[in-house]
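The structure under discussion appears below in the form of structure tokens.
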Amino acid sequence: MADKELKVGTEIIAKVGRNEVEAVIVAISGDDIMARSHKSGKTFRVKNILKIGAIPQDEPASGEAPKTVTVAAPKEKKLSLFSAAVRILETAPRDKSCSAGELVREAVAQGLWTPGAGKTQENTLYAAILRDIATKEHPRIVRAEQRGKFKLAREA
């Protein structure tokens with residue numbers, strides 16, 4: 001790149017790792033070029049410049065109709081296994097208590113949660129419930145009268 005093209009304030013597209021980053025040059029000293037990312041606002045040292053000049057803003061050319069942009073509805077966030085267990089206990093009868101294994105099987109059956117590659121989902125849920133009981137002032141799930149069973153903490 002010719003040095004005469006590079007000035008402070010020049011818009012560039014720089015290669016950072018695997019990403020192309022839109023930025024503006026903020027300092028030039030010797031061989032070092034510092035730029036600030038438009039997206040994150042972070043300043044970084046430029047090693048590889050892909051493009052120099054104005055960054056296209058997708059503006060329509062004269063005589064063309066403006067482009068319409070359709071925004072997709074946000075995807076529904078997947079429930080965690082613990083949140084799925086809470087939802088199962090919320091919809092269950094008031095006095096129902098379940099073990100961690102029963103909660104996992106019910107969450108999969110109702111389609112609230114999809115198992116990943118882990119082999120010990122019941123143990124993971126059991127640990128999450130015990131951690132919630134131990135660390136929260138008002139846990140959502142509490143121990144039931146039977147050993148190894150849990151029920152929803154209901155407000156009195």
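The values are calculated or read from the model by the stated rules, or taken from the named source; none is laboratory data. Predicted, not measured: the structure shown is a model, and the values here were computed from it. Glycine gets a Cβ as well: all are built from the backbone with ideal geometry, and neighbour counts include every protein chain shown.
Look through VAL46, VAL71, VAL108 and report the one residue that is surrounded by 10 or more Cβ atoms within 10 Å (Cβ to Cβ), outside the structural domain of ARG18 (by TED's automatic domain parsing) and either β-branched (Val, Ile, Thr) or at pLDDT below 85 (or both).
VAL108
How many residues, within the range 124-155, are within 25 Å of the chain's Cα centre (by Cα) and assigned to a helix (DSSP H, G or I)?
Residues that pass the stated criteria total 9.
If I ask for residues that are over 17 Å from ALA92 (Cα atoms) and in a helix (DSSP H, G or I), which ones from the range 103-123 would you list?
Selection gives GLN121, GLU122, ASN123.
For PRO115, only one of the following conditions fails: (1) touching a helix residue (DSSP H, G or I) at 6+ places or on another chain (Cβ under 7 Å); (2) in contact (Cβ under 8 Å) with a residue 12 or more places away in the chain; (3) surrounded by fewer than 17 Cβ atoms within 10 Å (Cβ to Cβ). What is its number?
(2)
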